[in-house]
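Just below is one structure, and these are the notes that go with it.
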Amino acid sequence: MCGIVGYTGKKQATPILMDGLERLEYRGYDSSGIAVSGGGAIEIVKVKGRLSELGKLTGGTRPAGTTGIGHTRWATHGKPSNENAHPHYSRDKKFAVVHNGIIENYLELREFLAERGFTFRSETDTEIVSLLLEYYYDGDVLDAIVKMSRKVKGSYALGILYADEADVFYAMRKDSPLVIGLGEGENFIASDIPAILPYTRKFIFPEEGEIAIVTPDGVTVCNGNKERVEKTVVVSELDAKAAEKDGYPHFMLKEIYEQPGALRKTVYERIKSEGIRLDGIRFDGKSVRKIYIAACGSAYHAGAVGKYFIEKYARLEVETLLASEFRYCDPLVDENCLTVIISQSGETADSLAALREAKRRKSRVLAIVNVVDSSIAREADDILYTRAGPEIAVATTKGYTTQLAVLYLLGLKLGHDRGTIAEAEYNTLVRELTEVPALLEKFIDDVNEQTQQLAGKYYPATDAYFIGRGYDWSAALEGALKLKEISYIHAEAYAAGELKHGTISLIEKNSLVIGIAADPALTEKTLSNIKEVKTRGATVIGVTNRPDLLRAECNDLIVLPKTHDALTPIFTATALQLFAYYVAASRGGDIDKPRNLAKSVTVE
Ligand code: F6R
């Protein structure tokens, strides 16, 4: 949700800012802009539309100067337009600001500023920040930033330029991601590490409310009282290539193919000769009374699988809630509960708020997170990292399947510790889990061409219904989300048994139904639901490991490999990711950056 970048050094800033923005564009892409300072003035170039539009204006070189900030936007306050694009000047054009987040009290502050004679060039909340900086500036930029930050409420990662200070920019964060990159004679900021990984591997992570003064020769970090704070420098192990397409037409396809490798990294090191070892958790599974899982989107769908799995093998009640509901539904969370927050980015505003709500209610919080040192990781009591590597496509793929893997590990570990899973079943599941990466590798190769062909046949569909029971229902939720978000086909997931309670009235001749039947205990039940829609004229793609049972009722079949029923969502989801990918490709969508979406939803 909006990407920000900043550079100061000896090189020209514009090419570096543009390069960083390209890597951040997945965070928002309705407009973009850069500001470069030099000679006592700041020049801003900004425009509505994709980054390529900005590229046309800058020609890759304009404005000239060695210190600057940049932004790629996902609109919250004010429609996408040239005026609302960042950076935003102050009235006197001495300050320029880029911002990721939301200033919640912006209407009140707009009034405050209007009463003091300020006028506004945009409809954004961000402009309030640049105007407040001008209002509070009295010869000391740091002082103005501190005063501004005491006035604004909400979330922000900010990059700030001041025209009269050459070779310096300021940055600050509260509830929005920001990293500081340290180079040789040059320094950077960005919304995430991969954006500046080609330039440096050394990073500082500012805490909430900290302000960084960034110059080519060093970075000083202060707290909200202008006191200097010492920061630890972290060396990233991420491979710069991880954030490149590496020959694939889209990041999404690359990331689908990366899943076996990501699952290996997530699972293998945690399986020891004595069984599963989860170094990230320091609580006793026997003392947990109930688990709450809170997450958004695909991470919530992973939580739906986690509920069934943990309940079955650890015999612990699990409630999976949407993080956006958790924070407001007055959940019965207390110190006897464990709250599990699942998030690829570790920055999702609702998930972070759910974490804080759980802690407020004295629950221990375990984060299942991909991005190392993200806000959710930092605030949780225990962390289990998914080791998916950077995920750039807006639609998650490897982020989701590695979340499933961690939930399986967690469920098995809890079951083992609590003595609720039979040794033989535990050993079988552990073994089958370790076999998943190789099986998935082969499965992707087998199914890639078939899903492409199916997409060629079904891409004109206007609606699609994904049905399944148990784990298959959870996989249906994820399959429907993948299809709708990148192909823009209306897609819904239903627990197969629910169809008859209303939704089946939508089924008519040629309605597309994806019937998932991978759980052996439920295959026959789902088969009867498939028959019901077939009788009413639907076209059915079956997804199953029992082709013998489904073939006669389905127009097409995706055959899943034989694996433990609990592990099938990994395979089902992967097949449906590929199907969605190729449908979107056939429809000509912008697969990595679907309309209206952005990766890392840092606003409520
Ligand atoms: C869908 C998708 C989203 C995310 C959701 C949560 O493909 O990517 O639904 O799963 O926004 O994001 P994280 O996991 O970063 O909290």
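Laboratory data are not the source of any read-out in this text; all were calculated from the coordinates shown. Here the structure is a predicted model, which is why all the values come from computation and not from measurement. We place every Cβ from the backbone using ideal geometry, glycine too, and count neighbours over all the protein chains shown.
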* Structure fact -> A convex hull over the alpha carbons of the range 446-586 yields, per residue, a volume in Å³ of 88 Å³
* Asked: Taking the chain on its own, what percent of its Cα-Cα pair distances exceed 40 Å?
  -> 30 percent
* Asked: Which of rounded, prolate, oblate describes the range 338-427, given a ≥ b ≥ c as roots of the alpha-carbon gyration tensor eigenvalues and a/c under 1.5 marking rounded, otherwise prolate only if a/b is larger than b/c?
  -> oblate
* Asked: Ordered by packing density, taken as the mean number of other Cβ atoms within 10 Å over each peptide's residues, highest first, how do 461-472, 74-85 rank?
  -> 461-472, 74-85
* Structure fact -> Helix-only [θ] at 222 nm, the chain, -39500 (n - 2.57) per DSSP H run of 4+, per residue, nearest 500, equals -11500 deg cm²/dmol
* So for the chain, taking the charge dipole from beta-carbon charges (+1 Lys/Arg, -1 Asp/Glu), which of 368, 516, 345 sits furthest toward the positive end? -> 516
* According to the square roots a ≥ b ≥ c of the eigenvalues of the Cα gyration tensor, what is the shape class of the range 365-412, taking rounded for a/c under 1.5, prolate for a/b larger than b/c otherwise, and oblate for the remainder? -> oblate
* Gain in length, residue 119 to residue 79, computed as 0.36 nm per residue apart minus the alpha-carbon separation, to one decimal in nm? -> 12.5 nm
* Residues whose placed amide H lies under 5 Å from that of residue 387, excluding near-sequence neighbours -> 266
* Along the charge dipole of the range 245-421, which of 292, 313, 323 sits closest to the positive end, that is, farthest toward it, with unit charges on the beta carbon of Lys, Arg, Asp and Glu (+1, +1, -1, -1)? -> 313
* **Relative packing of 240-252, 394-406, which averages over residues the other C-beta atoms within 10 Å, highest first** => 394-406, 240-252
* Structure fact -> In order over the range 498-506: 3J(HN,Hα) from phi, Karplus 6.51/-1.76/1.60, θ = phi - 60°, whole Hz, x for each Gly or Pro, gives 7, 3, 5, 8, x, 5, 4, 5, 7
* Starting from the amide H of residue 176, placed 1.01 Å from N in the peptide plane, find each other amide H under 5 Å away whose residue is 5 or more places distant or on another chain. => 156
* Straight-distance crosslink candidates among lysines, where the alpha carbon sits under 26 Å from residue 254 and sequence neighbours closer than 8 are dropped -> 241, 245, 265, 398, 442, 457, 482, 484, 562, 593, 599
* Could I have the simple spin-label model distance between residue 223 and residue 246, label points 7 Å from Cα toward Cβ, reported in nm to one decimal? => 4.2 nm
* Asked: Mind listing the Cα extents of the range 3-240 along all three principal axes, in Å, largest one first?
  -> 49, 42, 32
* To do: Sort out for me the Cα centre separation of the range 4-55 from the range 265-309, rounded to whole Å.
  => 40 Å
* To do: Only bridges with both residues in the chain count here: give the DSSP antiparallel percent, nearest 5.
  => 60 percent
* Structure fact -> A student applying the Cα gyration tensor rule (rounded when a/c is under 1.5; otherwise prolate if a/b is larger than b/c, oblate if not) would label the range 1-118 oblate
* To do: Express the relative contact order of the chain as a whole percentage, based on alpha carbon pairs under 8 Å and six or more residues apart in sequence.
  => 12 percent
* To do: Kindly provide log₁₀ I(q)/I(0) values, in the same order as q = 0.17, 0.19, 0.21 Å⁻¹, from the Debye equation applied to equal alpha-carbon scatterers of the range 111-160.
  => -0.49, -0.62, -0.76
* To do: Can you pull a Stokes-Einstein diffusion coefficient for the range 245-421 at 25 °C (0.890 mPa s), Rh from Kirkwood over Cα pairs, as a whole number of µm²/s?
  => 153 µm²/s
* Pull up the cross-link candidates among the lysines for residue 307, meaning alpha carbon to alpha carbon under 19 Å and not fewer than 8 places away within one chain. => 286, 290, 413
* Between the range 509-578 and the range 338-355, what is the C-alpha centre distance in whole Å? -> 32 Å
* Give a residue-ordered list of calculated ³J(HN,Hα) values for the range 325-332 (Karplus: 6.51 cos²θ - 1.76 cosθ + 1.60, θ = phi - 60°; whole Hz; x for Gly, Pro). => 8, 3, 5, 10, 9, 6, x, 7
* Counting alpha carbon pairs within less than 8 Å and at least 6 residues apart, what relative contact order, in whole percent, applies to the range 154-243? -> 25 percent
* Asked: Mind checking the dipole of the chain: about its Cα centre, +1 per Lys or Arg Cβ, -1 per Asp or Glu Cβ, Debye to the nearest 20?
  -> 560 debye
* Structure fact -> Here the FRET efficiency for residue 508 versus residue 277, based on Cβ atoms and R0 = 41 Å and rounded to 0.05, is 0.20
* To do: Report the extension gain between residue 448 and residue 62 in nm, rounded to one decimal, defined as 0.36 nm multiplied by the number of residues separating them, less their alpha carbon distance.
  => 134.6 nm
* Return the distance in nm (one decimal) between the two label points of a simple spin-label model at residue 208 and residue 488, each offset 7 Å from Cα along Cα→Cβ. => 3.9 nm
* To do: Would you grab the residues whose amide H sits under 5 Å from the one on residue 542? Only those 5+ places off in sequence or on another chain, please, with H modelled 1.01 Å from N.
  => 515, 555, 556, 557, 558
